[in-house]
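Report on the following structure.
The values are calculated or read from the model by the stated rules, or taken from the named source; none is laboratory data. Treat the numbers as computed from the prediction; the structure is a model and nothing was measured. Positions of Cβ are backbone-derived with ideal geometry, glycine not excepted, and every protein chain shown enters the neighbour counts.
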Amino acid sequence: MFVLSSEENKLEHIAIIMDGNGRWAKKRGLPRTLGHRKGAEVVKEICQAAEKAGIKYLTLYAFSTENWKRSAEEVNALMDLLRQYLKSDLKELQDHGVCIRFIGERHMLAPDIVESMAKLEEETAQNDKMTLCVALSYGSRQEIVHAARRVAELAKRGDINIEDIDEKLFSDMLYTQGIPDPDILIRTSGEQRISNYLLWQLAYTEFFFTDTLWPDFNEKLLLEIIDSYKSRERRYGKVKAQ
Ligand code: IPE
Ligand code: IPE
Ligand code: MG
């Protein structure tokens, strides 16, 4: 369905900050957790739409390291929702040929969740239609610090020389190792900030902000963004092509 002509921008990776679940619920006089529940349903619709559109990588911000600061009630509800999806999603991922990966600070998550995540990753590792990367307990600064520590460790052991440290080596130390940088970043709910998401990886990504709250986001809006991305000019610091 989504075929690129040679002049069009390449599009293999979309990253999304799925924001606005709480406000969606509040507008309806519902508890925030119901907003998260509705948001999780939209995740499914968007995964399928992305796959249909030929997107190879979809990276979704599900829970940030800063989100641990929310009330225990909200955090527990989010973790329970996550548990439920981790348990039920394997068949669907297999049917759609989707490989799942998780990025983030796993040590902060409950052991049963970490175990389910590892199992899903292992069982879907061979799927190659699309990679769904879920940022969970994810913080980009923490990821960068973690990468710096790994690089320092390699240098200390004498496995690399200081001169070997370049962008490629550093990228390979990030949780997103092997995943190309996003072409598109979408943030829903009207906020225009990064909130500690993929700071390294978004260096040349095209940003799209929409006022739509995540539970109201849908395939049509995704396709509109993809369409508008096609006419963006990605210059990477060069002068406009004549
Ligand atoms: C995004 O929705 C989901 C998570 C951060 C887990 P929010 O919960 O941030 O919703 P708002 O921003 O309060 O509306
Ligand atoms: C970012 O949204 C994190 C996720 C969508 C998972 P937040 O709602 O946590 O971000 P801030 O607090 O508005 O920056
Ligand atoms: Mg929010």
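Mind checking whether some residue in the stretch 74-83 is over 23 Å from ILE179 (Cα atoms) and small (Gly, Ala, Ser)? Scanning the stretch 74-83 turns up at least one residue that is over 23 Å from ILE179 (Cα atoms) and small (Gly, Ala, Ser).
TYR85 meets all of the listed conditions (1) in a helix (DSSP H, G or I); (2) within 14 Å of ligand 2 (Cβ to nearest atom) but one, namely (2).
Look at (1) without any contact (Cβ under 8 Å) to a residue 60 or more places away in the chain; (2) within 19 Å of the chain's Cα centre (by Cα) and you find that ASP19 fails only one, number (1). Please tell me if ALA49 is touching a residue at least 60 places away in the same chain (Cβ under 8 Å) and within 16 Å of ligand 1 (Cβ to nearest atom). Answer is no for this residue. Against the criterion of being at pLDDT 95 or above and surrounded by fewer than 16 Cβ atoms within 10 Å (Cβ to Cβ), VAL75 qualifies.
Quick check on LYS27: is it within 29 Å of TYR204 (Cα to Cα) and away from ligand 2 (no atom under 13 Å from the Cβ)? Judged against the criteria, LYS27 is not a match. Restricted to the stretch 214-242, and to residues there that are of a type in the set (A, V, I, L, M) and within 17 Å of the chain's Cα centre (by Cα), the residue that is farthest from THR188 (Cα to Cα) is ILE226. With respect to the stated conditions, LEU154 fails to be surrounded by 15 or more Cβ atoms within 10 Å (Cβ to Cβ) and under 20 Å from ASP19 (Cβ atoms).
Identify, from the list LYS91, LYS38, the residue that is more than 16 Å from ligand 1 (Cβ to nearest atom) and among the basic types (Lys, Arg).
LYS91
Only one entry in LEU86, LEU90, LEU60 is more than 16 Å from ligand 3 (Cβ to nearest atom) and under 20 Å from TYR175 (Cβ atoms), namely LEU86. A single entry from ASP172, ASP181 fulfils the requirement of being away from ligand 2 (no atom under 15 Å from the Cβ), surrounded by 16 or more Cβ atoms within 10 Å (Cβ to Cβ), closer than 23 Å to GLU105 by Cβ and at pLDDT 95 or above: ASP181.
Specify the residue that is farthest from ligand 3 (Cβ to nearest atom); the eligible residues are those in the stretch 180-193 that are in contact (Cβ under 8 Å) with a residue 60 or more places away in the chain and outside any strand (DSSP E or B).
Step one: filter the stretch 180-193 for residues in contact (Cβ under 8 Å) with a residue 60 or more places away in the chain, giving 180-191.
After this cut, where a residue has to be outside any strand (DSSP E or B) as well, the list is 180-183, 188-191.
Values: PRO180: 27, ASP181: 24, PRO182: 20, ASP183: 24, THR188: 9, SER189: 6, GLY190: 10, GLU191: 7 Å.
For the stretch 180-193, the residue satisfying everything is PRO180.
Just to be sure before I move on: is GLU12 at pLDDT below 95 and among the charged types (D, E, K, R) in the structure I sent? Judged against the criteria, GLU12 is not a match. Among the criteria (1) of a type in the set (Ser, Thr, Tyr); (2) surrounded by 18 or more Cβ atoms within 10 Å (Cβ to Cβ); (3) within 16 Å of ligand 2 (Cβ to nearest atom), the one TYR229 does not fulfil is (3). Taking the conditions exactly as written (in contact with a Phe, Trp or Tyr (Cβ under 6 Å, 6 or more places away or on another chain), touching a residue at least 40 places away in the same chain (Cβ under 8 Å) and either over 22 Å from GLU45 (Cβ atoms) or β-branched (Val, Ile, Thr) (or both)), does ILE226 satisfy them or not? When the stated conditions are applied, ILE226 does not pass them.
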